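Note sheet for the following structure.
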Amino acid sequence: MATQVHPNIELLQRSLALLTSGRVDQLADLLTDDFRINVHGAPTRVGRDAWRENVAIMQASFSDLSVEVLHALADGDLVAVNLRFTARHTGDFLGVPATGRTVRYDSLEHYRVRDGLIAEEWIASDVGTLLSQLGVER
C-alpha cells in the first residue's frame, strides 16, 4: 500500500532538491514575499533577498552540497524536519579559511507554509559540530 506524503513535506523536499542543484532563483519562487528567517543565535531577517544573501554565504563557503531528510513531520501549516548536510569546505566560513574537508552536520528545522509557499523558517543547525570538523577548537 502506497503512503501519501503530506503536501507541505513534498514542498520542502522540492525546495531541498532545488537548493542542492543550485537553482536558487527557482527555490526563491517557493517563498512568500514576506518570508521570515529565524536562525538560532541570529536576528530575524525578512524577505527573499535576505534569504538569497544567506544562501550566497553558504554557496561561497561550501560546494558539493547534499541534504538527507532524516525525519519529516507535518501538522497543518507546519513542517518539522531533521536534516543532514554534507558538503566540502571550499571557501572562507565564519573566518575559517577553506580546508577542503568534507563536513557533515545535522540541522533541526521548522517551516510554516501559507498558500502553497514557504512563509517562515526556524533553523537550529549543529554549528559546533561543523566548526569542529573545520578544526576550530571549542
- Among residues other than Ala50 whose Cβ falls under 14 Å from its Cβ, what is the net charge (Lys/Arg +1, Asp/Glu -1)? -2
- Task: Taking 7 Å along the Cα-to-C-beta vector as the label spot, tell me the Arg114-Thr3 distance in nanometres, rounded to one decimal.
- Result: 3.1
- Magnitude of the Cβ-charge dipole of the stretch 32-138, K/R +1 and D/E -1, about the Cα centre, nearest 20 debye? 320
- Task: Calculate, in nm to one decimal, what Leu134 and Leu78 gain on full extension: separation in residues at 0.36 nm each, minus their alpha carbon distance.
- Result: 16.9 nm
- Query: For helix 48-61, what angle does its Cα long axis make with the longest principal axis of the chain, in degrees from 0 to 90 and rounded to 10?
  - Reply: 40
- Query: In nm, to one decimal, how far is the modelled label at Arg104 from the one at Ile57, with both set 7 Å along Cα→Cβ?
  - Reply: 2.6
- If we count every other residue with Cβ under 13 angstrom of Leu27's Cβ, Lys/Arg +1 and Asp/Glu -1, where does the sum land? +1
- Given (i) 11, 41, 35, 11, 1, 0; (ii) 9, 30, 35, 19, 7, 0; (iii) 11, 35, 27, 16, 8, 2, 0, the label whose value is P(r) over Cα pairs in 10 Å bins from 0, in percent derived from this model: (i)
- Query: Does anyone have the angle between helix 7-20 and the longest principal axis of the chain? Alpha-carbon axes, 0 to 90°, nearest 10?
  - Reply: 30
- Query: Using a probe of 1.4 angstrom, how much of the accessible area of the chain is carbon and sulfur, in percent?
  - Reply: 52
- Between Leu117, Val81, Gly91, whose Cα lies farthest towards the positive end of the dipole of the chain when Lys and Arg beta carbons carry +1 and Asp and Glu beta carbons carry -1, centred on the Cα centre? Gly91
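The values are calculated or read from the model by the stated rules, or taken from the named source; none is laboratory data. Treat the numbers as computed from the prediction; the structure is a model and nothing was measured. Using ideal geometry, Cβ is built from the backbone for each residue, glycine included, and neighbour counts are taken over all protein chains shown. Accessible surface areas use protein heavy atoms only, side chains included; no ligands, DNA or RNA. Shrake-Rupley method; radii C 1.70, N 1.55, O 1.52, S 1.80 Å.
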